[in-house]
1. Anything in the range 319-343 that is within 16 Å of the ligand (Cβ to nearest atom) and open to solvent by less than 30 Å² (accessible area, probe 1.4 Å)? List them, or say none.
2. Condition check: closer than 24 Å to Leu165 by Cα and away from the ligand (no atom under 16 Å from the Cβ). Does Tyr86 satisfy that?
3. Would you pick out the residues in the range 186-212 that are part of a loop (DSSP other than H, G, I, E, B) and either modelled with pLDDT of 95 or more or within 21 Å of the chain's Cα centre (by Cα) (or both)?
4. Checking Ile76 against (1) at pLDDT below 95; (2) part of a helix (DSSP H, G or I); (3) away from the ligand (no atom under 14 Å from the Cβ), which test does it fail?
5. Under 7 Å between Cβ atoms, at least 6 apart or on separate chains: pull out the pairs that start in the range 231-251 with a residue that is touching a residue at least 24 places away in the same chain (Cβ under 8 Å) and end on any residue that is open to solvent by 70 Å² or more (accessible area, probe 1.4 Å) and of a type in the set (A, V, I, L, M, F, W, C).
6. Is there any pair linking a residue in the range 93-121 that is closer than 16 Å to Leu149 by Cα and of a type in the set (Phe, Trp, Tyr) to one that is within 12 Å of the ligand (Cβ to nearest atom) and open to solvent by 30 Å² or more (accessible area, probe 1.4 Å), with Cβ under 8 Å and at least six apart or on different chains, and which?
7. (1) farther than 30 Å from Pro343 by Cα; (2) more than 22 Å from the chain's Cα centre (by Cα); (3) at pLDDT 95 or above: which one isn't true of Gly63, the others all being true?
8. With respect to the numbered conditions (1) part of a loop (DSSP other than H, G, I, E, B); (2) within 16 Å of the ligand (Cβ to nearest atom); (3) surrounded by fewer than 18 Cβ atoms within 10 Å (Cβ to Cβ), which one is the sole condition not fulfilled by Met81?
Amino acid sequence: MRKLVFTLSLLAAAPVVAHQQADTPTLASGAIRHAPLGVMGDHLHNTGEWMFSYRYMRMEMDGNLDGSDSISAAEITGTMMNPGPYMVAPLKMTMEMHMLGAMYAPSDTLTLMAMLPLLNKSMDHRSRMGAKFTTETDGVGDASLAALLRVYQTADKSAGVHLNLGVSLPTGSIDERDDTPAMANAKLPYGMQLGSGTYDLKPGVTYQAYSAQYNWGAQALATLRSGENDNDYRLGNRYEVSGWLARSWSPALSSGVRLKHSSWADIHGADPDLNPMMVPTADTSAQGGERSELLFSANYLFSAGALKGHRLALEYGVPIYQKLDGPQMEMQNTMSLGWQYAP
Ligand SMILES: [Cu+2]
């Protein structure tokens, strides 16, 4: 009502301005309605709406850091004559994830979300004696369920806040094995396992706002582990905050930039099958850390033709700061490609 009065007064006072006002949409629409792809649970749906999604994520790690300083494989293992702290140094790791997702909104203020990841991890190593070897694992990761609950929205729907109430289920294996030079069918270190082995709470809060051409927002998310898994340990809690700004170029295309900071704690307890002197990835005191990343994204929404309503999105990020309880593998980049469709 207030808006109507305002518009009417504009019409009366300055017809030219009022005409422009009518042609310009108040809030950005189309591709930009979704935040950058890597922001999980960024949007709610309208009552009765479904959305299905698939995303491919890839993370590459190369080399090791101790704190913020590089530490070489030679320093990690030493030599036979002059041994270092570990028998084996990790050299390189690639993690790929195929994530299937579904969203459904029973009401305008509540959207439910389910996600199932399929993981593929590969790690290259070099032993103290110079032998190079690779271990690999793949399979289902930890499924998660979440409720997105809107707690605040401005009257013109230009900004809102919702809670992310998620839980992660221990569907991923923590008993993955592969051959190493030291042992056939050896238990793989923590980072190569597919799940946490525990029920984890994933609470968070998301703020998002729109103007005629921009979308910006911020999200804080935690992963809080509970109890201890069947292998006598619990992964460290994880905290993430990110903020983004995206610009709409057309209803079909938007691009954005995001700054993300994560921190995660060391592992409590230890898997009795793993020897912490073997390799840093099996050492529970070399697991925590923090990292800041700068990410660039683009969203595309098909607005006509057979693909109308389908969305494609991508995001690519590089770390700008890493401080790790070392030695721990150094992240080089992350990449996500996604498809989303709301029938
Ligand atoms: Cu959705």
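The values are calculated or read from the model by the stated rules, or taken from the named source; none is laboratory data. In this text the structure is predicted, and so the values were computed from the model without any measurement. Note that each Cβ is placed from the backbone with ideal geometry, even for glycine, and that neighbours are counted across all protein chains shown. For the accessible areas, the whole protein counts, side chains as well, though only heavy atoms, and no ligand, DNA or RNA atoms are used. Shrake-Rupley method; radii C 1.70, N 1.55, O 1.52, S 1.80 Å.
1. First, pick out the residues of the range 319-343 that are within 16 Å of the ligand (Cβ to nearest atom): 336, 338-343.
Ser336, Gly338, Gln340, listed by residue number.
2. Values: closer than 24 Å to Leu165 by Cα: no; away from the ligand (no atom under 16 Å from the Cβ): yes.
Answer is no for this residue.
3. The initial filter retains those residues of the range 186-212 that are part of a loop (DSSP other than H, G, I, E, B), namely 188-189, 193-199, 211-212.
Hits for the range 186-212 are Leu188, Pro189, Gln193, Leu194, Gly195, Ser196, Gly197, Thr198, Tyr199.
4. Result: Ile76 fails condition (1) only.
5. Short answer, once both residue conditions are applied: Ser242/Leu259; Gly243/Leu259; Trp244/Trp216; Leu245/Trp216.
6. Close Cβ pairs (under 8 Å, with a partner that is within 12 Å of the ligand (Cβ to nearest atom) and open to solvent by 30 Å² or more (accessible area, probe 1.4 Å)) amount to Tyr104/Glu49; Tyr104/Trp50; Tyr104/Leu112.
7. (2)
8. Going through the list (1) part of a loop (DSSP other than H, G, I, E, B); (2) within 16 Å of the ligand (Cβ to nearest atom); (3) surrounded by fewer than 18 Cβ atoms within 10 Å (Cβ to Cβ), Met81 breaks only (2).
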